[in-house]
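Just below is one structure, and these are the notes that go with it.
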Amino acid sequence: MLSAGVVIPGFFVIGLAFIGIGVGLLITSRSIQVLELDYTGTETNSPCYKCTTPPVQNNCVCKLNFTIDTLFKGPVFFYYSLTNYFQSQRKYGASKDYNQLSGDLTYFKSPASDCDPYQYANGKPIVPCGSLANSMFNDTFKLYQIINGQEKLVPFDGKGIAWWTDYNIKYRNPDYSPLKNAFNDTVKPVFWSKAAYELDTSDATNNGFVNQDFLVWMRRAALPNFRKLYRRITEGDYKDGLPVGNYSLEISYNYPVISFDGTKKATFSNVSWMGGQNEFLGIAYLVIGSMCVVMSIVMLIVYAKFRFPDDD
Amino acid sequence: MAPLQKAQIVKMIKTSKEHPITLAIGDGANDVSMILEAHVGIGIMGKEGRQAVRNSDYAIPKFKHLKKMLLVHGHYYYIRISELVQYFFYKNVCFIFPQFLYQFFCGFSQQPLYDTAYLTLYNISFTSLPILVYSLMEQHINMDILKKDPSLYKDIAKNSLLRWPTFIYWTVLGVYDAIVMFFGAYFLFDNTTFTSNGQMFGNWTFGTLVFTVLVFTVTFKLVLDTHYWTWINHFVIWGSLVFFVLFSLLWGGIIWPFLNYQRMYYVFMQMLSSGPAWLSIILLITAGLLPDVVKKVIWRAMWPTITERIQDADKLYKGQLSEFTPLASLQAPPKAGGRRRGSENQRNPRRSAAFSKKLMFTRWQRRPDYCTFTPLLRLVDGHSPHHNAYGGAEPETCV
């Protein structure tokens, strides 16, 4: 099967195809714009430093100013990034109760033991239980463009940031109206400031367990440095992107990361058919493609030399 | 000779300096001791009764059957079992090493990379049948060539396929494939999205991506190693891959009520809906198989074993090689000119013409059947026309 007559031209063709794909991927990746703003606040000159020094206030608000030099093409995606954060840790990630989250009221009264130690608080069951839900990211962001000294709010779109199947099928609110009554005799998770039924009081389709931010958080990240989608900028004056100018990101700094040497970043990115900016795939294709071409030439030389040393 | 004396002779050979593997063959009751003493004991169903047969490892009706048993069946079994053993270690190294690597990225908390269904079914359903069929049916060289050229046995002498160098090669290949798979997926996931709607994937998608590349890579490795293709090989190999895909779609497509977690729900489909995921699967499979293919082709060209030369010649002449082809002409030492070696070069008719002067070709007639029953596996596929030319040369499991 591995005759040289098949392998050598095959390698050559594959190599060329891979090089072509690699070039295409690299070009696409290079055209993606990314803007990352670290707002952990560890340096004294950082605007968010005041939120990290004791005494730590609640609802500390800090503002990050930045400028955009070229049009940031839309639709613009806004992510928050965390580093050194092991959502992939086994006990942490397994600490949740799927039955609660699919709206089964019997588990509101007796949460699964996986949720330990966030199973009961003050004798009452926690809903939603578990460490994964408990540690939900609770910084909020508002973006303003500064035009003539005036702040103009950039509208954020929070729909469709979680998987469609998570939102519509996997996670379900209990069948109760009003939703608040389903949570009688339960308590909210220890680290949360609002209960689950108050996550978005303005929109009933975004409240409770189907809250998009909650769903995004519950999808465990694979690696310790990760990014999660927060909002999209798609509407109004900004549907073509963020125009050149000065901007101010107002952050409600609630989430503590400094104790474990983590960092927090706000990231703007646009997205192509291949996703965000990732040069790895393009470079890998180029490398493997060129290796295939080189190998086919080497094999051809070896084959010619050792199979047909002299012609008659 | 007395039975004890025969056994003592065998013992003496066994304990000699080279510690060879010994075979004793006999048909009478006085041969029983030596049959038991030797590593492999063969009994002939003879006029003197069935004593020898009862105590032997293998029994044959006539002495002449020893030839085929050693040169064909013994050779096949060795090839098959050595590949089975090496391949099993290899595919499990590929399976577990990424899980090990993942521990560095999950706080060493024993978080599995793959879902439990994948962990359970990998060795049972996704990768078991292809190697099973290989180890039952592989014929690296045609039976008749093996019978007429005993020197082919030299290639496997002294347990050569199960020695340390070969095992280390397979293990290093497994580790390399595992590193390619894991870090390929790692850099793809590197802190960015690879969907066109900006959504992020989670840890189960990561594991599923690695697992998909894994199953396809190890199966294609077996495809590259298989010489003798029947419809059964095709069925189990492509069938295993199709089964993996269908199982994944089914497993993630339904909220299974007996599970108390739904972590795999829709994960496989989400992974497949991303263009870069497809591209990286293709890339990682190719990158994993590349070194082995290159090594095989270069080694075959530069340092071909007798077996490989016969395989090339057989393929070149597409079954025209017969019992009367002097194979000595095919076993030229490596440094000799290329013209005496069988090669796939059909671009150079002059060289083939020079070759054919030294060979005689006969069209093969149907050979008498040694089988006393029709073997179950007497199946010929369209991919090996040269076996058709031999008539009775389908895989025979009987003697």
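The values are calculated or read from the model by the stated rules, or taken from the named source; none is laboratory data. Quick caveat, the model's predicted, so the values are computed rather than measured. Ideal geometry is used to build each Cβ from the backbone, glycine not excepted, and the neighbour counts take in all protein chains shown. Side chains are part of the model used for accessible areas, which takes the heavy atoms of the whole protein and leaves out ligands, DNA and RNA. Shrake-Rupley method; radii C 1.70, N 1.55, O 1.52, S 1.80 Å.
Buried on complex formation within the stretch B:78-113 (loss of at least 40 square angstrom of accessible surface versus the isolated chain, 1.4 Å probe, ligands and nucleic acids ignored): B:Phe105, B:Ser109, B:Gln111.
Place +1 on the Cβ of every Lys and Arg and -1 on the Cβ of every Asp and Glu in chain A, take the dipole about the Cα centre, and give the residue among A:Pro111, A:Ala304, A:Ile233 whose Cα lies farthest towards its positive end. Result: A:Pro111, furthest along the dipole toward the positive end. For B:Gln111, the residues whose modelled amide H falls within less than 5 Å of its own, excluding neighbours fewer than 5 places apart on the same chain, are A:Arg90.
Interface B-A: total buried accessible area of about 5900 Å², 1.4 Å probe, protein heavy atoms only.
If the chain linking B:Arg50 and B:Leu4 were pulled fully straight, counting 0.36 nm for each residue of separation and taking away their Cα-Cα distance, it would gain 14.7 nm.
Surface composition of the protein assembly as shown: carbon and sulfur make up 62 percent of the accessible area, probe 1.4 Å.
Within the stretch B:163-203, which residues have the backbone N less than 17 Å from the label spot 7 Å out from B:Lys295 along Cα→beta-carbon, could you tell me? Output list for this probe position: B:163-181.
Placing R0 at 30 angstrom, the Cβ-Cβ distance between A:Asn122 and B:Leu119 gives a FRET efficiency of 0.15 after rounding to 0.05. Net charge of the neighbourhood of A:Tyr49, taken over other residues with C-beta under 15 Å away and scored Lys/Arg +1, Asp/Glu -1, is +1.
Annotation: per residue accessible area for the stretch A:1-70 equals 55 Å², rounded to a whole number [probe 1.4 Å, protein chains only]. Computed from backbone phi, the HN-Hα couplings of the stretch A:90-102 come to 5, 5, 5, x, 7, 7, 7, 10, 5, 5, 4, 6, 9 Hz, rounded to whole numbers (Karplus: 6.51 cos²θ - 1.76 cosθ + 1.60, θ = phi - 60°; Gly and Pro given as x).
Using R0 = 30 Å, the C-beta based FRET efficiency linking B:Tyr169 and A:Ile283 works out to 0.55. Here the Karplus curve 6.51 cos²θ - 1.76 cosθ + 1.60, taken at θ = phi - 60°, turns the phi angles of the stretch B:110-127 into couplings of 6, 5, x, 6, 9, 5, 4, 4, 5, 4, 6, 8, 4, 7, 8, 10, 7, 10 Hz, with x standing for Gly and Pro. Helix A:4-30 and the long axis of chain A differ in direction by around 40°, with both axes built from C-alpha atoms. Put a plus charge on the Cβ of each Lys and Arg, a minus charge on the Cβ of each Asp and Glu, and nothing anywhere else: the dipole of the protein assembly as shown about its Cα centre is then about 2540 debye.
Label sites at B:Tyr153 and B:Phe235, each approximated as a point 7 angstrom past Cα along Cα to Cβ, lie 3.5 nm apart. Computed per residue of chain A from DSSP H runs no shorter than four, each worth -39500 (n - 2.57), the mean residue ellipticity at 222 nm is -8000 deg cm²/dmol. Rolled with a 1.4 Å probe across the full set of protein chains, the surface gives A:Lys73 an accessible area near 120 Å². When only the Cβ of Lys, Arg, Asp and Glu is charged (+1, +1, -1, -1), the dipole of the stretch A:34-270 relative to its Cα centre reaches about 320 debye. How much net charge surrounds B:Cys106 when only other residues with a Cβ under 13 Å from its Cβ are counted (Lys, Arg +1; Asp, Glu -1)? Computed value for this residue: +3. The peptide list A:271-282, B:8-19, B:227-238, put in order of mean Cβ contacts within 10 Å with the highest first, becomes A:271-282, B:227-238, B:8-19. Average accessible surface for the stretch B:3-61: 61 Å² per residue, computed with a 1.4 Å probe over protein heavy atoms with every protein chain in place.
Using a 4.7 Å Cβ-Cβ cutoff, the cysteines of chain A lacking any partner cysteine are A:Cys292. Net charge near A:Ala196: determine it from the other residues with C-beta under 11 Å of the C-beta of A:Ala196, scoring Lys and Arg +1 and Asp and Glu -1. Local charge sum for A:Ala196: +1. Listed values for the stretch B:143-155 are Karplus-derived 3J(HN,Hα) couplings in whole Hz (6.51 cos²θ - 1.76 cosθ + 1.60, θ = phi - 60°), namely 4, 5, 5, 4, 5, 8, 10, x, 5, 4, 4, 4, 4, and x replaces Gly and Pro.
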